[in-house]
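> Please read through the structure below; I'll follow up with questions.
The values are calculated or read from the model by the stated rules, or taken from the named source; none is laboratory data. The structure displayed is predicted, hence computed values, not measured ones. When we count neighbours, we look across all protein chains shown, and the Cβ atoms used for this are built from the backbone with ideal geometry, even at glycine. When the accessible area is computed, the model is the full protein with side chains, heavy atoms only, and any ligands, DNA or RNA have been set aside. Shrake-Rupley method; radii C 1.70, N 1.55, O 1.52, S 1.80 Å.
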Amino acid sequence: QQQVKQSPQSLIVQKGGISIINCAYENTAFDYFPWYQQFPGKGPALLIAIRPDVSEKKEGRFTISFNKSAKQFSLHIMDSQPGDSATYFCAPSKAAGNKLTFGGGTRVLVKP
Amino acid sequence: DAGITQSPRHKVTETGTPVTLRCHQTENHRYMYWYRQDPGHGLRLIHYSYGVKDTDKGEVSDGYSVSRSKTEDFLLTLESATSSQTSVYFCAISESGTGYYEQYFGPGTRLTVT
């Protein structure tokens, strides 16, 4: 049972461009929507997260957009930089229990 | 980096042998988790712990057992390793199991079962 579907699986973007990654979920009980960033050979690290009481959250060049009715949330990376090249995972969860459900990941490559 | 270490970092073992992976934290966080990472599947929760001697199953717990005798250590054991358990294993910690608490991940252990 695929509870969380992430797309695309991979993405190539030019430096300065916009990267957009989407995450669709099925469980309406999810109430915490984080994105994790993982560099090769490292563990994932929290990048940005949103709660369902807001539709958008921005931190620097990273923005989460949340559409509760569509059960989707997305990550936008503005002015993409080569240092943003990494794998990104959405990992929605229920705050009560804090058990993350990871999407399959999106490998982003930013070309200089 | 959060104070999480995993050992060993790499291991090659044969089918049918027991394997134990160790996660050690210096943050005194109550919650600890074991995940496995496989291409196309993201990370999947194997087991987690909400205190010393308190553990519960995740979504892919078959073939794995865990133990936590001290706050700082969480052990993952493969009783009889199989090739399907070849994976990268990550330990994570968090302050709490409720509310919006970040999970901090260790550096991972790459396990190959031949």
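> Determine which lysines satisfy two conditions relative to A:Lys42: a Cα distance under 22 Å, and not lying fewer than 8 residues away in the same chain.
Straight-line reach from A:Lys42, under 22 Å: A:Lys99, A:Lys111, B:Lys11.
> What is segment B:4-113's relative contact order, in percent, from Cα pairs under 8 angstrom and six or more apart in sequence?
The value is 35 percent.
> With the dipole of the protein assembly as shown worked out from charges on the C-beta (+1 for Lys and Arg, -1 for Asp and Glu) around the Cα centre, which of B:Asn28, B:Tyr89, A:Gly16 lies farthest toward the positive end?
So the residue furthest toward the plus end is A:Gly16.
> Another one. For chain A, what does the relative contact order come out to in percent, with C-alpha contacts under 8 Å and a separation of six or more?
Details: 278 pairs, mean separation 41.4, N = 112.
Averaging sequence separation for qualifying contacts and normalising by length gives 37 percent for chain A.
> Also: Any aspartates and glutamates with Cα under 20 Å of the A:Lys58 Cα? List them, leaving off those in the same chain fewer than 8 positions away.
Cross-link targets: A:Asp31, A:Asp79, A:Asp84, B:Glu102.
> What size of dipole, in debye to the nearest 20, comes out for segment B:4-113 about its Cα centre when the only charges are +1 on Lys and Arg C-beta atoms and -1 on Asp and Glu C-beta atoms?
200
> Could you please state how large a percent of the accessible area of segment B:4-113 is carbon and sulfur, counting protein chains only and using a 1.4 Å probe? Don't jump to the answer; show the numbers that get you there.
Details: 2280 of 5020 Å².
Here it works out to 45 percent.
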